Amino acid sequence: MTIKEDKNKIIKGLYIVSTPIGNLKDITLRAIDVLKNSNIILCEDTRVSKKLLSHYEIKTRLMSNYKFNEKKNLKKIIDILNEGKIVSLISDAGTPSISDPGRILIKQCIQNNLSVIPIPGPSAVSASMSISGFSDKFYFHGFLSDKTNLIKKEFRMFLKLECSIVFFISAKKLSKKFGLLKEYFPEREILICREITKIHEHFYRGKISEIENFQFNPKGEVTVIISEKYNDNKKEILDESDKIKIKKLILNTSVKDIVRIISQQKNISKSKIYNYCLQIKNEK
């Protein structure tokens, strides 16, 4: 008689376990089973993880493993795995190693021929994309930079992409960067997701150029999706709104920068923009 292998058997190795991003019910049965049968659970903040584990009566020992101590923990964790133990890695919310600690440990496990097994589940990225209505081809950037000059550099890179763009940012910082979004992506749609799956879950949709004093709680992080680039042919003429914008920019911006900004935003011929800038300067 042939005995079939139990595909649900928990083998030794490192498990990357996805946990709820808000609503505690958003966890898989398999995730609960793996966490209960682990020898150790690695987590970012033991206080946050204890709430989830307590809810599901999981008594596995926790070990703090966050951004500033993950390198220090490496040898200890690899030794534990080499002993044939089962170790699970979770983050405060969502899928570990996606803009969260974990990548360093995973690389080390691969180098040591140790099994790394994913336990899929909640993700703010896939949850937001699933309701966006934008192109399902997308680029995930992770957290946006802190400094304005770096954000501008990232936005210039985004402009070259033909797909939807997803990034994380603090709610407080986002409210201060609407001006930059309007400058670089005025013709695109935006979806802002806050408190996904929680009681105060909120989604804002609209055209970026029409965002005016959008108000929301400045606490926490939000997931932002910018729609794909629309590939129209280069416009051969400047409409009135284009001319007004150029006149405003020319007071404090070089012609070279104006040509770059407008051509990227509005898909207009650079020569047309340049000639109009010269026309304005000659009128003064």
Derived scalar couplings ³J(HN,Hα) [segment 33-38; Karplus, 6.51 cos²θ - 1.76 cosθ + 1.60; whole Hz; x for Gly, Pro]: 4, 5, 5, 5, 9, 7
Cross-link reach list, aspartates and glutamates versus K75, counting only Cα pairs under 14 Å and skipping chain neighbours closer than eight places: E83
Estimated D of segment 240-283 in µm² per second, where Rh is the Kirkwood radius over Cα pairs and Stokes-Einstein applies at 20 °C, 1.002 mPa s: 212 µm²/s
Sequence-distant residues sharing a close amide H with S269 (under 5 Å, placed H): K235
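So which GluC sites (Glu not before Pro) in segment 35-114 pass both tests, a DSSP loop state and at most 10 other Cβ atoms within 10 Å of the Cβ?
Values: sites: E44, E57, E70, E83; in loops: E44, E57, E83.
Passing both the DSSP loop test and the Cβ count: E57, E83.
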J(HN,Hα) series, segment 22-32, from Karplus relation 6.51 cos²θ - 1.76 cosθ + 1.60, nearest Hz, glycine and proline x: x, 6, 4, 6, 7, 9, 7, 4, 5, 4, 4
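Would you kindly calculate the translational diffusion coefficient of the chain, applying Stokes-Einstein with the Kirkwood radius from alpha carbon pairs, for 37 °C and a viscosity of 0.692 mPa s, and quote it in µm² s⁻¹ without decimals?
Here the translational diffusion coefficient equals 150 µm²/s.
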Chain lengthening between K137 and L29 when straightened (0.36 nm per residue, less Cα-Cα): 35.9 nm
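How much length, in nm to one decimal, is gained on full extension between K270 and K12, taken as 0.36 nm per residue of separation minus their Cα-Cα distance?
Fully extending the segment from K270 to K12 adds 86.9 nm.
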Paramagnetic label zone (point 7 Å from Cα along Cα-to-C-beta, N252; backbone N under 16 Å) in segment 137-174: 148-149
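In debye, nearest 20: dipole of segment 130-224 around its Cα centre with unit charges on the Cβ of K, R (+) and D, E (-)?
On the way: 17 positive and 12 negative charges, 75 e Å.
Magnitude of the dipole: close to 360 debye.
Set the Förster radius R0 to 35 Å, insert the Cβ-Cβ distance between K182 and D79 as r into 1/(1 + (r/R0)^6), and round the FRET efficiency to 0.05. Intermediate values should be presented prior to the final figure.
On the way: r = 53 Å, r/R0 = 1.50.
E(calc), rounded to 0.05, equals 0.10.
Pairs to check: K51/K152; K67/K219; K36/K76; K173/K198. Give those whose C-alpha atoms are more than 27 Å from each other in this structure. Could you put the intermediate results ahead of the total?
Values: K51/K152 39 Å; K67/K219 21 Å; K36/K76 21 Å; K173/K198 21 Å.
Going by Cα-Cα distance, K51/K152 fall outside the 27 Å limit.
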Convex hull volume of segment 103-239 per residue (C-alpha atoms, cubic angstrom): 158 Å³
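Let me know the shape class of segment 1-121, please: from the alpha-carbon gyration tensor, a ≥ b ≥ c as square roots of the eigenvalues, rounded when a/c is under 1.5, otherwise prolate if a/b is greater than b/c, or oblate.
Values: a/c = 1.70, a/b = 1.08, b/c = 1.58.
Oblate shape, in that a/c is at least 1.5 and b/c is the bigger or equal ratio.
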Test item: Cα-centred dipole of the chain, Lys/Arg +1 and Asp/Glu -1 on Cβ, debye: 840 debye
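The numbers here are math on the coordinates, done by the rules we state, and not lab data. Given the structure is predicted, the values throughout are model-derived calculations rather than measurements. Cβ coordinates were reconstructed from backbone atoms using ideal geometry, including for glycine residues, and neighbour counts include every protein chain displayed.
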